[in-house]
Amino acid sequence: MIKLKSGGSIVNVSSQAAQAALKDHAVYCMSKAALDMLTKTMALELGPHNIRVNSVGPTVVMTEMGKLGWSDPQKAQSMINKIPLGRFAGMFLGYFFIEI
C-alpha cells in the first residue's frame, strides 16, 4: 500500500481478552494485548500514508480454539451472562459473525 501509494485499511482481529484478564488464558491475553499495541503503533506509522489501521475485539468466537476453551456450559455461562446478546460469535467460511 505504501509502495503503490494506494492508501487502504488494515483490520486486526484482537479480543476483549486484551483488556480483561481471563483465568487460565495468560498467553492468549498477553498476545492480544500486544496486538492492540501493534495496531495503535501501525496506525501512527501508516496514517501519514493514508492507511487506516483498526482492530475488532470480540469476546468469544467459536473457532476450534474457542470450542476447546468454552464448550463447558458451566464455564461458558459466566461469560455469556456478560454479553448483551447472550451468545458467543460463530464462524462461517473463515469469518466470524454474530447472529442478530
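The values are calculated or read from the model by the stated rules, or taken from the named source; none is laboratory data. Keep in mind that this is a model prediction, so the values were computed, not measured. We place every Cβ from the backbone using ideal geometry, glycine too, and count neighbours over all the protein chains shown.
Filtering the stretch 81-97 down to residues that are under 15 Å from W70 (Cβ atoms) and aromatic (F, W, Y), which residue is modelled with the highest pLDDT?
Looking at the filtered set, the residue picked out is F88.
Could you check the stretch 10-34 and list, in sequence order, the residues that are loosely packed, with under 12 Cβ neighbours inside 10 Å and among the basic types (K, R)?
If the condition is that a residue be loosely packed, with under 12 Cβ neighbours inside 10 Å and among the basic types (K, R), then K23 is the only one that fits.
Among the helices (runs of 4 or more DSSP H) contained in the stretch 16-100, which hold 3 or more residues that are assigned by TED's automatic domain parsing to the domain that holds K5 and over 30 Å from S6 (Cα atoms)?
Once the helices (runs of 4 or more DSSP H) in the stretch 16-100 are filtered for at least 3 residues that are assigned by TED's automatic domain parsing to the domain that holds K5 and over 30 Å from S6 (Cα atoms), what remains is 26-46.
Kindly indicate the residue of the stretch 47-67 that is aliphatic (A, V, I, L, M) and at pLDDT below 90 and also surrounded by the fewest Cβ atoms within 10 Å (Cβ to Cβ) among those meeting that condition.
Step by step, filter the stretch 47-67, then rank; the result is M65.
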